[in-house]
Amino acid sequence: MPDTDFTIHPVTPTLGAEIGGLDLSRPLGPATASALVEALDHHLVLVFREQTLSDADLVRISGHFGPLDKAPITENGRLHAPGYEEVYVISNITENGRPIGALGAGESVWHADMTYLETPPYASSLYALEVPAEGGDTGFLSMFAAYDALPEPLKRRVEGLSIKHDSTTNSGGYLRQGFSPPADVATSPGTVHPLVIAHPVTGAKALLLGRRPHAHIPSLSVAASEALLDEIWAAAVRPELAWHHRWRVGDLVMWDNRWTMHRRDPFPADQRRRMHRTQIAVPADRRQDPRRTVAA
Ligand code: OGA
Ligand code: MN
């Protein structure tokens, strides 16, 4: 008798698994919930198909993974689903002349969420309510696989370096409210993290890149930092390492934000895309859990 009541089908060798056999609109038992947390640890991205979820369901399910952040301030201000401050909206739809969500219809760059914080979020979940007929896929990349893809000499060069993660601009290229465009990456606002992090249980190394625009390696001149970052990105962030999820209405996708990056393909601006999203902070009782620690 398996101790889980769901199936796990990995979608690529490096990350992603489709979880079958669960109706997430029904309460999850504690054993199932903790098995899902383990599955996310292991597979880094989980896909649940054909779900019918209310905002209350989304908050309840995400809450099994950790405490939820409030909707962040986006380029369009703080936009959350009515009645749910933890549920924010990723959408290109405007109602009464005002955007209901963030990120528009354009491409978003490869990124991890909010790595400009000292303790970036542990995980995010994204639930599809309306999807375009074409485009708008979300790609995912394992940062363990990205590190492994570096040539050995480059692995040696990046060891011990730090990297500043920009806090001015979001993944859609929009300036966050309250910030001005960075004029000089050496002095623009951001948070410094180790460039290489290790999984403290397995020892596997991963890159902590955050995103490319406005990043800076503080120990190098801007020119040298730009050159090295370009080299790292070219070697590590390769299309053949990525997996792109083609959305259907009713999909819920969760990702571990520590060990992955994601990006969104553009889609026709006259088509509607509406996603509800939660962001999960590192649970207080797991702050010391080495799997949750972003450390050198
Ligand atoms: C996000 C994000 C991508 C998408 O929600 O953090 O980057 O596909 N979304 O909407
Ligand atoms: Mn994101």
Residues (under 26 Å from ALA224 (Cβ atoms), surrounded by fewer than 19 Cβ atoms within 10 Å (Cβ to Cβ) and within 14 Å of ligand 2 (Cβ to nearest atom)) located in segment 162-186: GLY173
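To keep it simple, each residue is scored yes or no on (1) within 16 Å of ligand 1 (Cβ to nearest atom); (2) of a type in the set (S, T, N, Q).
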site	(1), (2)
PRO200	no, no
HIS214	no, no
ALA236	no, no
TRP247	yes, no
GLN279	yes, yes
Could you list all residues from segment 116-134 that are of a type in the set (Val, Ile, Thr) and either under 16 Å from HIS244 (Cβ atoms) or at pLDDT 95 or above (or both)? VAL131
Selection count, segment 91-107, where residues are surrounded by 22 or more Cβ atoms within 10 Å (Cβ to Cβ) and not in a loop (DSSP other than H, G, I, E, B): 3
Cβ contacts < 6 Å: first residue more than 8 Å from ligand 2 (Cβ to nearest atom), restricted to segment 101-117; second residue in a loop (DSSP other than H, G, I, E, B) and among the hydroxyl-bearing types (Ser, Thr, Tyr), any location; separation 6+ or different chain. Result? VAL109/SER171; TYR116/SER167
Mind listing whichever residues of segment 135-182 are at pLDDT 95 or above, within 16 Å of ligand 1 (Cβ to nearest atom) and not charged (D, E, K, R)? GLY135, GLY136, THR138, GLY139, PHE140, LEU141, MET143, HIS165
Picked from segment 249-265 (must be part of a loop (DSSP other than H, G, I, E, B) and crowded, with 17+ Cβ neighbours inside 10 Å), the residue nearest to ligand 1 (Cβ to nearest atom) is ASN257
Answer yes or no: is there a residue in segment 154-161 that is away from ligand 2 (no atom under 16 Å from the Cβ) and closer than 29 Å to SER91 by Cα. no
Please determine whether any residue of segment 111-126 is assigned by TED's automatic domain parsing to the domain that holds HIS262, among the aliphatic types (A, V, I, L, M) and surrounded by fewer than 17 Cβ atoms within 10 Å (Cβ to Cβ). yes
Quick one: ASP230 ticks every box in (1) buried (at least 16 other Cβ atoms within 10 Å of the Cβ); (2) without any contact (Cβ under 8 Å) to a residue 40 or more places away in the chain bar one, so which box is it? (1)
Restricting attention to segment 137-170, report how many residues are among the charged types (D, E, K, R) and closer than 13 Å to ILE197 by Cα. 3
Out of all the residues in segment 174-194, which are more than 20 Å from the chain's Cα centre (by Cα), closer than 14 Å to PRO213 by Cβ and of a type outside the set (Asp, Glu)? PHE179, PRO181, PRO182, ALA183, VAL185, SER188, PRO189
Do we have ARG60 as over 20 Å from the mean Cα position of the chain (by Cα), of a type in the set (Lys, Arg) and over 22 Å from HIS165 (Cα atoms) here? no
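The values are calculated or read from the model by the stated rules, or taken from the named source; none is laboratory data. Model, not experiment: these values are computed from the prediction. Neighbour counts are summed over all protein chains in view; Cβ atoms, including those assigned to glycine, are modelled from backbone coordinates with ideal geometry.
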